[in-house]
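The values are calculated or read from the model by the stated rules, or taken from the named source; none is laboratory data. Predicted model, so just to flag it, every value in this text is computed and none were measured. Positions of Cβ are backbone-derived with ideal geometry, glycine not excepted, and every protein chain shown enters the neighbour counts. To get the accessible areas, we keep the full protein, side chains included, count just its heavy atoms, and leave off ligands, DNA and RNA. Shrake-Rupley method; radii C 1.70, N 1.55, O 1.52, S 1.80 Å.
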Number of protein chains: 2
Amino acid sequence: MPNHSEDAEKFLLAAKRSEIQALERLASSCELVTTVSDLVHQLQRERGISNIYLVSSGHRFAALRMEQIREGTCSADTFRQLLHDQYLQGDRCSSPRDMRLLNSIAYSLHGLDELEELRRHIDAFEVNALASTDAYCRLIAGLLSVVFEAADVADDPEVTRLLVALFNFMQAKEFAGQERAWGAIGFAGSRFDEKLHLRLEQLQDCQRRSLEVFLEFAGESEESSWQEIMHSEASRDLNRLRRVIAGLKNGEPISPEVSEVWYQLATTRIDAMHGVEDAMAARLLQVSRQRVADAQSELGHHRAQLQKMKSSDWGRVPALAVLFDPEVPGLYGRAEAAAVPTLHGQNLTHSLYDLIRSQVAHIQKVNEELEETRRALTERKLIERAKGVLMRNLRLSEDDAYRTMQQRAMEMNLRLADVAQKIIEIGNQRSAAKPGGGSARPRSTTGDGKPV
Amino acid sequence: MPNHSEDAEKFLLAAKRSEIQALERLASSCELVTTVSDLVHQLQRERGISNIYLVSSGHRFAALRMEQIREGTCSADTFRQLLHDQYLQGDRCSSPRDMRLLNSIAYSLHGLDELEELRRHIDAFEVNALASTDAYCRLIAGLLSVVFEAADVADDPEVTRLLVALFNFMQAKEFAGQERAWGAIGFAGSRFDEKLHLRLEQLQDCQRRSLEVFLEFAGESEESSWQEIMHSEASRDLNRLRRVIAGLKNGEPISPEVSEVWYQLATTRIDAMHGVEDAMAARLLQVSRQRVADAQSELGHHRAQLQKMKSSDWGRVPALAVLFDPEVPGLYGRAEAAAVPTLHGQNLTHSLYDLIRSQVAHIQKVNEELEETRRALTERKLIERAKGVLMRNLRLSEDDAYRTMQQRAMEMNLRLADVAQKIIEIGNQRSAAKPGGGSARPRSTTGDGKPV
């Protein structure tokens with residue numbers, strides 16, 4: 001018989017089971033993210049098509065729009081069904097980090113509820129292309145925040161990296177969609193003024209920055225898929241057209257065919273990006289399910305070992321294995337700890353203590369990897385928050401705020417995250433000094449602070 | 001009737017419920033920590049008494065030891081019972097972070113299982129004072145790691161700060177107990193050699209460092225309780241005696257009364273520290289239970305609001321409240337977004353959207369506070385890990401490793417955490433280069449990396 005209490009054994013198994021539960025939850029978040037990725041893609045298409053429909057006063061894309069609305073509705077239904085099955089069935093366990101995911105789902109569902117009404121407004125030409133595009137953008141931003149929250153609460157290092165990569169890729173694709181929309185609006189009005197040129201430039205910058213983060217966290221296969229798109233003929237053509245547009249003067253006449261080409265090239269690129277998303281989502285599902293399977297097989301191994309201990313001599317560990325283990329630090333400075341007689345020459349493997357120690361090593365490994373990923377994430381969030389502070393306090397544009405921080409970091413020989421930390425601290429002091437300042441305006445669900 | 005789907009409402013409530021569940025779990029962790037704090041105190045007393053018992057060959061403290069063993073057993077039973085009730089009953093939900101807590105409980109229980117055997121060894125004088133003290137230290141370190149894990153997985157900013165303060169205070173008290181033990185061993189052997197002097201000095205350093213972290217995270221009331229102890233007569237007397245001991249030459253004769261005084265003064269201080277611990281634990285329980293009550297009343301408020309919406313006009317929100325909300329960023333650069341006619345002049349409060357938005361603001365506030373606390377924690381952990389790397393790779397003492405990092409930070413004009421990050425990165429590269437290096441030796445449950 002093993003000389004340990006039942007409870008120590010129970011807690012060893014409970015620890016493993018809690019890992020399995022959490023990994024299962026993570027796997028279902030990954031499934032949700034896959035569905036969101038598809039829904040966002042459908043809504044981006046619907047946005048673009050509705051845009052052209054409105055601009056052409058209903059002459060173009062009427063049938064295509066109906067078809068696309070059917071696709072979108074179908075995708076939204078899948079999303080709702082999955083949510084229902086995964087989160088509203090039975091007594092699901094959760095953590096406060098789940099709170100954020102669940103609340104962002106509530107926000108997205110509320111937005112989806114209004115989609116019908118938006119479509120009716122478009123049918124009746126009660127909104128213009130700009131307002132319609134704006135509304136679709138909010139809906140998509142809400143859905144992206146679901147992916148963001150899923151990434152932010154993930155507790156497995158590899159899954160976290162994949163989710164962060166996917167979120168940033170989706171973010172980049174959304175900026176690409178907004179660039180397409182502004183382009184279409186510019187062509188429709190037959191003029192590209194300075195403001196519009198600046199916006200297009202900034203949206204290209206935004207894509208670049210999101211893609212940088214994507215590349216930092218993505219795996220090799222995602223990276224090479226992206227390289228392929230970058231070097232494709234469609235991308236080269238699009239870049240050429242971007243330069244043509246950038247060269248257009250205010251009010252310069254543009255042939256309508258260029259508008260067509262712009263829409264087509266941008267769409268081809270966006271569709272290719274969706275292909276990368278799909279591949280990433282598939283890998284995410286596979287990795288997250290593999291994690292569950294691994295943890296389950298480890299639990300099986302634990303159980304088998306404990307069984308063996310009960311049925312044989314294997315469990316017989318010297319009585320003071322834990323308290324006299326020279327590998328674990330005890331009294332400070334007692335490095336010369338002599339081996340205790342009772343321990344000498346005994347085989348410590350295949351004991352409960354051995355299982356606990358191996359689990360400690362497993363936890364530590366996972367944790368250190370996770371902390372490194374998290375540190376990168378936390379720093380990115382700090383930088384975004386600081387950018388928000390500068391934008392509000394100094395009335396800077398997003399780009400100028402970013403460049404200001406970069407310059408400061410160079411001058412002061414500091415890391416960008418440290419400069420960001422300082423800016424936030426100063427910002428906090430200021431808003432604490434001004435009564436009602438700073439915290440008065442609620443932050444948005446989707447905007448600043450969600451950049452990772 | 002409100003114009004939103006049931007599901008959006010359900011997810012709003014599910015989000016709040018998940019916060020409540022998590023806060024309840026946190027409150028029960030706090031209860032566990034309170035029990036651990038008492039058990040550790042009893043074991044520290046038993047360790048000290050057993051030490052004197054062994055050194056005096058059983059002539060002193062025999063009865064006191066029996067009494068203390070009864071106290072300790074009683075405290076351990078309370079701990080076991082609480083664990084049983086809280087974690088092994090029913091189908092408890094958990095997160096992977098729970099895994100760490102549960103595994104450290106398994107380790108501690110396994111150590112407690114061996115306590116009986118350790119006591120028998122002491123009864124029979126089969127261990128010397130040093131080995132006995134060492135064993136008690138391991139047991140206590142295991143229990144401290146339970147408190148560490150509870151602090152590390154807490155998801156509420158104020159509770160996290162209190163737990164971190166408490167953990168570091170307990171750590172400091174444990175170093176004080178080890179200082180008392182080394183002193184007692186020095187007096188028993190009637191000699192304080194250079195090694196022993198160094199150890200006492202280092203243990204005082206360790207106390208200082210743990211107390212610094214305690215002061216960084218503690219509230220005002222804890223801080224002033226600690227100041228009181230620091231300026232008490234007993235502390236002054238102890239400091240005087242510390243200086244006397246530091247002045248003792250190798251082998252210089254010491255009167256036995258001094259040993260008695262040392263033990264008494266150190267014990268008085270440790271007992272006073274336990275008083276602070278108790279007060280902190282009580283506040284921890286109170287704060288964590290208050291959090292649950294607050295969240296429950298917010299859930300009640302949500303429900304009441306939703307009910308009102310159903311029974312009155314309150315829930316009537318303009319159809320495109322979410323998608324046309326000008327406060328939420330939509331299409332990039334559309335800052336001039338005009339108010340949409342349908343929205344104009346409408347009252348948005350008391351709608352589902354309002355509840356979702358207020359919950360978003362709540363989540364964001366909690367999260368930002370938590371992130372700031374966590375950042376401080378992560379940096380402390382980084383510094384400790386880097387210290388471990390230097391100790392292993394350059395064979396430095398703990399103190400020298402710390403001073404080396406401090407010096408580097410000064411020279412390079414970097415923050416200590418950034419230097420630590422660099423050291424870890426270089427360490428990782430090295431162990432990756434050496435096959436089998438670095439990761440071969442399993443890390444301890446209790447030692448480096450657990451300093452926060």
Problem set entry | Angstrom value of the Kirkwood radius, inverse mean 1/r, which spans all Cα pairs in segment A:259-306 | 13.8
For this session: Report the calculated FRET efficiency for B:Glu369 and B:Arg303 (r = Cβ-Cβ distance, R0 = 22 Å), to the nearest 0.05.
Result: 0.25
Exercise. Peptide B:125-132: average number of partner chain Cβ atoms within 10 Å per residue?
Worked result: 3
Seminar exercise, completed: For A:Lys381, the lysines lying under 18 Å Cα to Cα, once residues fewer than eight places off in the same chain are dropped, come out as A:Lys422, A:Lys450, B:Lys365
Exercise. Given chain A, what whole percent of its Cα pairs are spread farther than 37 Å?
Worked result: 40
Seminar exercise, completed: Restricting to Cα pairs under 8 Å and 6 or more apart, the percent relative contact order of segment A:7-294 works out to 25
Problem set entry | C-alpha long axis of helix B:220-230 to longest principal axis of chain B, angle in ° | 10
For this session: Just tell me which lysines come within less than 19 Å, Cα to Cα, of A:Lys10; anything on the same chain fewer than 8 places away is out.
Result: A:Lys308, A:Lys310
Seminar exercise, completed: Rounded to the nearest 10 Å², the 1.4 Å probe accessible area of B:Lys310 is 80
Seminar exercise, completed: The size of the Cβ-based charge dipole (Lys, Arg +1; Asp, Glu -1) of segment B:349-433 about the Cα centre, to the nearest 20 debye, is 340
Exercise. Peptide A:179-188: average number of partner chain Cβ atoms within 10 Å per residue?
Worked result: 1
Exercise. Considering every residue in A:419-427, what mean count of other chain Cβ atoms within 10 Å of its Cβ is obtained?
Worked result: 1
Problem set entry | Highest-first arrangement of B:212-222, B:413-423, where packing means the average Cβ count within 10 Å | B:413-423, B:212-222
For this session: For B:Glu71, A:Glu384, give the ranking by accessible area with the largest first, probe 1.4 Å.
Result: B:Glu71, A:Glu384
Seminar exercise, completed: Using alpha carbon centers only, segment A:227-260 is separated from segment A:17-60 by a whole-angstrom value of 27
Exercise. Computed on protein heavy atoms with a 1.4 Å probe, what is the summed buried accessible area for the chain pair B and A, in Å² to the nearest 100?
Worked result: 10500
Exercise. Counting only the heavy atoms of the protein chains, how much of A:Thr73 is accessible to a 1.4 Å probe, in Å² to the nearest 10?
Worked result: 50
For this session: Using the 7 Å Cα-to-Cβ label point, sort the distances from B:Ala293 to its equivalents in the other copies shortest first and give them in nm to one decimal.
Result: 5.0
Exercise. What accessible surface, in Å², does a 1.4 Å probe find on A:Asp134, ignoring ligands, DNA and RNA and rounding to the nearest 10?
Worked result: 10
Exercise. On the accessible surface of the protein assembly as shown, probed at 1.4 Å, how many percent belong to carbon and sulfur atoms?
Worked result: 52
Problem set entry | Largest to smallest principal axis extent of the C-alpha atoms in segment A:16-91, angstrom | 61, 18, 12
Exercise. Can you give me the pair-distance distribution of segment A:225-329, C-alpha pairs, 5 Å bins, whole percents?
Worked result: 2, 9, 10, 9, 9, 7, 7, 5, 5, 5, 5, 5, 5, 5, 4, 3, 2, 1, 0
For this session: Once the label point is placed 7 Å from Cα along Cβ, list for A:His59 the distances to the corresponding points in the other copies, in nm, shortest first.
Result: 11.3
Seminar exercise, completed: chain B accessible area per residue, 1.4 Å probe, protein heavy atoms, integer Å², reads 42
For this session: Using the 7 Å Cα-to-Cβ label point, sort the distances from A:Glu369 to its equivalents in the other copies shortest first and give them in nm to one decimal.
Result: 3.4
For this session: Determine which lysines satisfy two conditions relative to B:Lys195: a Cα distance under 23 Å, and not lying fewer than 8 residues away in the same chain.
Result: B:Lys173, B:Lys249, B:Lys387
Seminar exercise, completed: Distance in nm between B:Arg430 and B:Asp271 label points, each 7 Å along Cα→Cβ, equals 4.8
For this session: Mind jotting down a quarter of the surface of the convex hull over the alpha carbons of segment A:349-433, in square nanometres, one decimal?
Result: 8.3
Exercise. Picking from A:Leu265, A:Ala304, A:Ser232, whose Cα lies most toward the positive end of the charge dipole for chain A (charges on Cβ: Lys, Arg +1; Asp, Glu -1)?
Worked result: A:Leu265
Exercise. Hey, what did segment A:349-433 get for relative contact order, percent, Cα under 8 Å, at least 6 apart?
Worked result: 28
Problem set entry | the protein assembly as shown - Rg over Rh from alpha carbon coordinates, Kirkwood radius | 1.03
